């Protein structure tokens, strides 16, 4: 009788381990999806920030050059 309960315990343990492993795989995949989405979003934000900063810099440079030109003409 004791042998039978050890066999059942081993079967239950194997079942629980397989459930835990599949659960971990699901969590790992969810983590990957969250990570890749976060990377894409932060890249888009970074590119938009870079483009905005570049546009402001060019506009500032053009304004300074225009003022310099106006002052040198006087």
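One table, with the values for the structure above:
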quantity	calculated
Region 41-68 versus region 3-28: alpha-carbon centroid distance in Å	58
Between helix 2-73 and the chain: long-axis angle, C-alpha atoms, 0 to 90°, nearest 10	0
Extension gain (nm, one decimal) between residue 72 and residue 34, 0.36 nm per residue minus Cα-Cα	8.0 nm
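None of the figures in this text is laboratory data; all of them are computed from the coordinates on show. Given the structure is predicted, the values throughout are model-derived calculations rather than measurements.
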